[in-house]
Amino acid sequence: MSEEKEMMEEESEAVLGELLDTKVDHTYNDSDIQVLDGLEAVRKRPGMYIASTSGKGLHHLVWEIVDNGIDEAMAGYATTVTVTVDEENIITVEDDGRGMPTGINEKTGKSTIETIFTVLHAGGKFGGGAYKVSGGLHGVGASVVNALSEWLEVRVFHNGEIYFVRFENGGHAVAPMKVIGKCDKEKHGSQVRFKADPTIFTETTVYDFDTLRNRLRQLAFLNKGIRMVFNDLRQEEGKRHYEYMFEGGLREYVAYLNKNRTAVHQEIIYSEGHEKGIQVEVACQYNDGYNPNVYTFCNNINTVEGGTHEEGFRMALNRVINKYARDNNFLKEKDDNLTSDDCKEGITAVISVKHPDPQYEGQTKTKLGNTEVRKIVSDIFGTQLERFLMENPDEAKAIMEKATLASQARMAAKKARELTRRKSALEISSLPGKLSDCSSKDSSICEIYIVEGDSAGGSAKQGRDSHYQAILPLRGKILNVEKARQHRVFENAEIRSMITAFGCGFMDEIDTSKLRYNKIVIMTDADVDGSHIRILLLTFFYRYLKPIIEQGHVYIAQPPLYKVQKGITVRYAYTEPQMDRLREELGGRLSIQRYKGLGEMNPEQLWETTMDPKNRTLIRVSIDDAERADQYFSIMMGEEVEPRKNFIMEHAKFATLDI
Ligand code: TSJ
């Protein structure tokens, strides 16, 4: 367990102790005690109930509540789910469904609402019949959100009346449910308002605009016909209100994902159906790129490790494309079958299943395990893909040509790869000439700085601590791997020197235990060109060395923007707000130098500001949300210049990539 987390737990235990000591009021019966035990357990060990108490866990609270509104909408009783975040980061979620039941629960003797919000896992049990299809991965329920909120309020609009309960102090109802007013007789629905508890979410209680909006939009794509409304009252006028509703469901999702790419056929392949209570929806479209982008979901959760739904999709794609290719002479008798990779080249696909009893496997429990799903997806998608090819011969032809070309390129790539592998095996003792390696062989302390240009490389080489810091300068433009077939990638000198320096192999043969450095630090200028090089490097890592990102080995160095001098005092500012603070702090006449690039710093300055662990700030790169990263990559790499320019302007500091 990390030190941070331990501290956090001690802290919340202290808070809890205080609560317990001072809580001798009221008349608690047995069921109260049980309820308290449950919620206290949540507060004591929040990590057992939500992903974390970092920003990720904070957002989790919202999704937990939103899921309930989506369930009501998917059951056909609500049309709209609205999420509002205000200036104080208070969240309000509302649906226009039937309204939570306003009766008394027999077992607890309290209102159903109070029960839902105070009994662990009580949520689903109060519904009738209809199974919960959203959520499910963590599916911890509304009571966990309540336990982790400073306060939480529930309103139910029903028969012209507003029912109300407020909870405080880690989930205690302030008073029993009561009617607090009237509303329009026609109005119906449920509303939950809460403020995350800052003593639990010690890192931050500020919600991220992009995270909220992107997920709500994604939920609208995944649940066709449901209107998702997002209000962010922290934004300036005109940027506060967003509405998403997609009648076309995944069809529109794929169109959205491909919007900055060039499609090889216009109509999107779409299929939906259900069998044995399992709902299946699949959409896909090929673009002129070489990488597949396949996103899979179960019960609205992104199953990033794939699973049986993805296997079913792959099986059907393989089977149907090979059959069509044989039947229509795109494959000759002597030709081998197209491989699964050939069939997937340049495909953008979204697969979504809704399952009443999902089983998750894998390292991060994001791999769907239910075996029956494989055949169901394969049958439903296969039938409709076959039909699509029959009915659209021109589009079928474009797809067949793409897959057969992929097959030829794959064979060429295999040869090139073998060549690279043989060479890198030979070169293992001869690291790339440009690399200034470190002397330590203990990879757990070693760092490699990938530096843009020879002059910055020179400064870095002189400024570093050569015991554990290695420098690899890159010359010129990095190859755009998104626009190049594999064999070209492996021919590229810069890429080969990175691969040899890292020492861990690549793609399916990667072995991160062989990685020669614990930290791979990208150090580029803080300008648009630097940002472009960063993106090209990240694209390469993302496509060829993904595990090193996933395992947190990749960092971005933060060189300072300004050097501020007053008399003999020298200070550096890394951001504009920091600069403003420095101005205030130091006051008087300052000599301010704005750095335009790394090259303007001498070796000592570069060490002091950007490389010395005592002073530096490194941003760890994580690919949290493949879609966001992918959108980013496709915008950055696409042919369209305008969206890219706009994107760079808006996100000069990578705001939307979770790094
Ligand atoms: F809006 C919301 F997202 F904040 C939210 C909505 C939060 C929570 C915790 C619950 C709900 C919610 C619950 N919306 N709609 C419902 N529906 C019911 O609880 C309900 C109502 C009637 C019946 C019935 O069988 O008559 C069954 C259920 C499950």
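By accessible area of protein heavy atoms, probe 1.4 Å, what ranking do Cys298, Cys183 get, highest first? Please report the intermediate quantities before stating the final value.
Working: Cys298 0, Cys183 25 Å².
The ordering from most to least exposed comes out as Cys183, Cys298.
Sort Asp96, Asp442 by heavy-atom solvent-accessible area, probe 1.4 angstrom, most to least.
Working: Asp96 45, Asp442 75 Å².
The residues order as Asp442, Asp96, largest area first.
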Note: the range 213-368, point scatterers on Cα, Debye, no solvent; log10 I/I(0) at q = 0.12 Å⁻¹ equals -0.60
Taking the square root of 5λ for each eigenvalue of the C-alpha gyration tensor of the range 526-602, the equivalent ellipsoid has semi-axes, largest first and in whole angstrom, of 34, 13, 10
For Lys187, counting only lysines whose alpha-carbon sits under 20 Å away and dropping same-chain residues fewer than eight positions off, the answer is Lys178
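So with the 1.4 Å probe, I'd like the accessible area per residue for the range 237-347, rounded to whole Å². Numbers along the way, then the final one.
Working: 4960 Å² over 111 residues.
Per residue, the range 237-347 has 45 Å² of solvent-accessible surface.
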Carbon plus sulfur, as percent of the 1.4 Å-probe accessible area of the range 357-410, comes to 48 percent
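Can you pull the percent of the range 211-271's accessible area that's carbon plus sulfur, 1.4 Å probe, other chains left in place? Write down the numbers at each step before the final one.
Details: 1160 of 2590 Å².
Result for the range 211-271: 45 percent of the exposed heavy-atom area is carbon or sulfur.
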Per 5 angstrom bin, beginning at 0 and ending with the bin that holds the maximum distance, the Cα pairs of the range 427-528 fall in percents of 2, 12, 22, 25, 20, 12, 5, 1
What one gets for the range 281-359 as the Kirkwood radius, inverse of mean 1/r over different Cα pairs in Å, is 13.7 Å
For Val528 the rounded accessible area (nearest 10 Å², probe 1.4 Å, non-protein molecules ignored) is 80 Å²
Computed over the range 356-424, protein heavy atoms only, probe 1.4 angstrom, the accessible area per residue in square angstrom equals 56 Å²
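Quick one: in the range 201-276, what % of C-alpha pairs are over 19 Å apart? Please list the in-between numbers first.
Working: 1482 of 2850 pairs.
Pairs farther apart than 19 Å: 52 percent.
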Length gained, Ala412-Glu106, 0.36 nm per residue minus C-alpha separation, equals 103.1 nm
Each label sits 7 Å from Cα toward the beta-carbon; between Glu247 and Asn615 the label points are separated, in nm, by 6.1 nm
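The values are calculated or read from the model by the stated rules, or taken from the named source; none is laboratory data. Worth saying up front: this structure is predicted, and the values here are computed from it rather than measured. Glycine also receives a Cβ, built like all others from the backbone with ideal geometry; neighbour counts cover every protein chain displayed. Only protein heavy atoms, including side chains, enter the accessible area calculation; ligands, DNA and RNA are left aside. Shrake-Rupley method; radii C 1.70, N 1.55, O 1.52, S 1.80 Å.
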